[in-house]
Amino acid sequence: MQNITIYIDDKKLEVESGKTILEVCRNNNIEILTMCHLEGVLDVGACRLCLVEIEGVNKLLSACTTKVAANMVIRTSTERIKRYQRITTELLFAERNHMCSVCVANGKCELQNLGYKVEMDSIRYPRLFPQCEVDTSHSWYVLDHNRCIMCTRCVRVCSEVEGAFNWSVKNRGYQVRIISDFNTPWGESTTCTSCGKCLHACPTGALWPKAIVQGQLDKKPEIIEELMAKRKMGL
Amino acid sequence: MDSSNKKTIYISPVTRIEGHAKISIQLDENGEVYDALFHVNEFRGFEKFCQDRMYTEMPTITPRICGICPTSHSLASVKACEMIQGIQPTYTANLLRRLMHISQNLSSHALSFFHLSSPDFLLGYDSDPAKRNILGIAQEFPDIALRGIRLRKFGQEISERITGKKIHIMGIVPGGMAFPLTEENRKYLLEYIPEAIATVQLGINMIKSFHEKNKEMVESFATSPTLYLGTVGPDGGHELYDGKLRFINEEGIILQDQIDPSRYLEFIAERSVSWSYLKYPYYKPYGFEKGVYRVGPLARLNVATRMKTPLAQKEFEEFKKIGGGKPVHGTFYYHYTRLIEALGDVEIAEQILNDSEVTSSHIQHHGRWNYAEGIGSSEAPRGTLFHHYKTDETGKLVNVNLLIATGQNNPSMNRSVLEVAKQYVKGSNIEEGMLNRVESTIRCYDPCLSCSTHAIGNMPMEIEIFDSKGKTVKRVVRN
């Protein structure tokens with residue numbers, strides 16, 4: 001792959017072309033906030049947290065889906081970006097019913113950590129408080145739509161890694177929901193293999209095993225990347 | 001009587017209790033107390049919004065009901081979950097749970113006695129209300145204030161050393177505990193024991209001395225007889241964590257004994273009233289009017305045959321002498337019984353911390369949904385607490401019933417307020433000390449109305465006197 005020169009936060013870098021801005025930043029220890037990105041599966045640019053400024057481009061672009069180009073001048077931590085990150089985080093919290101104190105993922109939640117990261121001390125937007133279903137029909141696992149942020153990591157893991165294609169998405173806008181099979185209870189799914197990869201991929205307490213309570217959740221999203229790496233090696 | 005001649009005095013908010021409440025006192029045409037009502041003006045809705053959630057989430061959600069007694073809620077909740085799963089906790093988990101429960105009971109009783117109630121005993125009911133609080137005690141009796149605060153700290157320290165959190169604990173899970181106790185923390189907690197015993201004994205001496213100096217008031221202070229409910233061990237011994245229910249009547253005769261808490265609905269019924277969000281529970285066989293019963297430290301000691309530890313047993317015997325073989329009905333004795341319990345708590349904590357199994361790592365049994373219904377109970381600092389869950393076949397909650405200790409004391413609190421109001425409130429000329437006595441009746445029960453705490457006790461009190469048409473005839477504001 002051809003090497004090109006780019007500039008990130010006034011730092012000159014020689015990088016391989018074809019990489020995304022996010023990959024380059026992570027390789028060079030430049031922090032980019034993400035929520036829908038998961039190592040091992042394809043990026044979709046859903047969460048809009050990894051937005052960066054690129055000189056000559058008016059709008060902000062998502063670092064996970066934008067590839068580097070020669071002489072690109074990128075900024076990752078301007079006041080404008082920080083403002084947008086804070087807004088995005090607040091909107092994620094305002095959209096569904098995120099009650100950290102009683103959540104099974106309390107203390108081990110990527111969304112909660114994001115809130116701390118962007119110093120979210122309040123939510124300036126009216127909460128929607130939607131009536132969300134809790135799907136307990138699966139023998140071992142629970143899907144709680146109250147805590148889902150629609151990152152679709154579960155959808156991608158299920159299709160790209162497990163190949164089961166159990167998870168999908170229905171509706172649009174604030175009515176968007178994760179569905180199992182053709183919108184049937186998870187427990188009645190004919191495609192779910194009960195492998196549990198979606199639980200590890202989920203960044204919040206939306207997917208969790210019935211057998212545990214707060215303080216016992218142990219999600220390992222890194223196993224998805226390890227699995228894909230082994231697959232590429234033919235293991 | 002013609003209702004147009006009645007006047008109503010409102011005392012709102014009631015200071016130095018946990019939560020928000022209002023007392024209204026209705027006067028007749030001669031300025032005599034005609035009726036008194038204890039209102040609870042907040043609505044929480046836990047029973048409703050917990051529906052449709054997994055039953056295993058309840059031990060996490062329900063401790064949020066209360067910042068003072070989260071462990072009791074968590075324990076009642078895990079017991080209900082264990083009934084659903086059909087499993088029992090491990091031996092070590094039981095030890096740790098007892099320790100956690102003691103931790104909460106101690107910090108709650110220390111808060112109730114030293115922070116909230118001791119200003120009345122040490123500074124006097126008629127002293128300046130601006131100073132009649134823990135800060136006033138810190139100024140006048142700094143040693144007592146400090147020791148009270150450290151006793152509460154000890155209670156909370158136990159919780160933190162086991163679960164990492166002082167309030168709204170986590171880690172009490174169906175089948176046991178999520179976290180073990182380390183050897184280092186065990187030793188640390190043991191070092192606290194002698195000081196804790198000395199502080200509780202200091203409190204006991206304080207309350208006894210107050211009893212002696214104010215014998216007439218203590219013996220006439222809201223002494224209306226009621227039934228009592230408490231948890232006891234197999235031999236009738238005092239029990240907080242795990243036991244069977246015992247009801248006694250006004251004479252001390254055992255009405256029901258060794259009742260499994262899962263049968264609570266056979267003996268307790270509830271009724272809503274229009275003027276309060278707190279329901280009115282009663283002893284079912286006696287009906288709404290006659291079935292008023294009390295729970296909490298006074299009730300637990302009234303129903304118990306003995307305490308489990310020597311120092312507490314000694315005080316218990318002295319307490320029993322007050323009633324002369326019958327239950328002690330004086331509401332003021334709640335304070336004394338609270339301290340006797342605290343003494344027993346510290347002694348049991350020492351026994352548990354010296355148990356060789358307390359630091360074992362065998363802390364959880366694992367189970368899954370097996371039964372549709374689960375009922376759990378525990379003795380919260382303020383009394384017997386029940387959690388009752390019904391689930392569908394996936395474990396989703398379809399019905400939740402929480403019978404909270406303060407709710408069970410509600411009918412008798414109301415009765416006590418009326419009694420004290422009749423004794424101390426004469427006409428619409430309100431003196432500060434009189435109002436505080438009415439309020440302190442409520443404080444005897446240490447009610448936890450909504451779990452927001454007002455430990456400092458500086459809140460202003462507003463009293464309004466209304467005529468029967470709702471017109472304000474007098475308004476007094478206390479800063």
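Laboratory data are not the source of any read-out in this text; all were calculated from the coordinates shown. Bear in mind the structure is a predicted one, so any value in this text is a computation, not a measurement. Every residue, glycine among them, receives a Cβ derived from its backbone with ideal geometry; neighbour counts consider all protein chains shown.
Details
- With all pairs of separate Cα atoms included, region A:3-77 yields a Kirkwood hydrodynamic radius of 12.3 Å.
- Ignoring lysines fewer than eight residues from residue B:314 along the same chain, the ones with Cα atoms less than 25 angstrom from its Cα are B:208, B:213, B:215, B:244, B:326.
- Efficiency of FRET from Cβ geometry, residue A:233 and residue A:55, R₀ 45 Å, rounded to 0.05: 0.70
- For chain A, share of DSSP beta bridges that run antiparallel, in % to the nearest 5: 90
- Straight-line cross-link partners of residue B:187 among the lysines, defined as a Cα under 22 Å from its Cα and at least 8 positions apart when in the same chain: B:153, B:165, B:166.
- Pairs of Cα atoms farther than 25 Å apart, region B:81-229, %: 45
- Among residues other than residue A:208 with Cβ under 10 Å from its Cβ, the summed charge is +1 (Lys and Arg +1, Asp and Glu -1).
- Considering helices alone, the calculated mean residue ellipticity of the protein assembly as shown at 222 nm is -11000 deg cm²/dmol, with DSSP H runs of length four and up weighted by -39500 (n - 2.57) and normalised per residue.
- Over all pairs of different C-alpha atoms in region B:187-295, the reciprocal of the mean inverse distance, the Kirkwood hydrodynamic radius, equals 17.1 Å.
- Within straight-line reach of residue A:19, meaning a Cα separation under 18 Å, sit the following lysines at least 8 residues removed in sequence or on another chain: A:11, A:67.
- Semi-axis lengths, largest first, of the ellipsoid equivalent to region B:46-407 are 32, 26, 19 Å, with √(5λ) applied to each eigenvalue of the Cα gyration tensor.
- Counting other Cβ atoms within 10 Å as a rough exposure proxy, the listed residues B:264, A:7 run A:7, B:264 from fewest neighbours to most.
- Fraction of C-alpha pairs exceeding 33 angstrom in chain A: 21 percent, rounded to a whole number.
- Value of relative contact order over region A:84-232, rounded to a whole percent, pairs C-alpha under 8 Å and six or more apart: 27
- Packing around the peptides A:62-71, A:163-172, A:203-212, taken as the average count of other Cβ atoms within 10 Å per residue, puts them in this order, highest first: A:203-212, A:62-71, A:163-172.
- Against the empirical curve 2.2 N^0.38 Å, the C-alpha radius of gyration of the protein assembly as shown lands at a ratio of 1.12.
- Inter-label distance for residue A:182 and residue A:131, nm, one decimal - labels placed 7 Å from Cα along Cα-to-Cβ: 2.6
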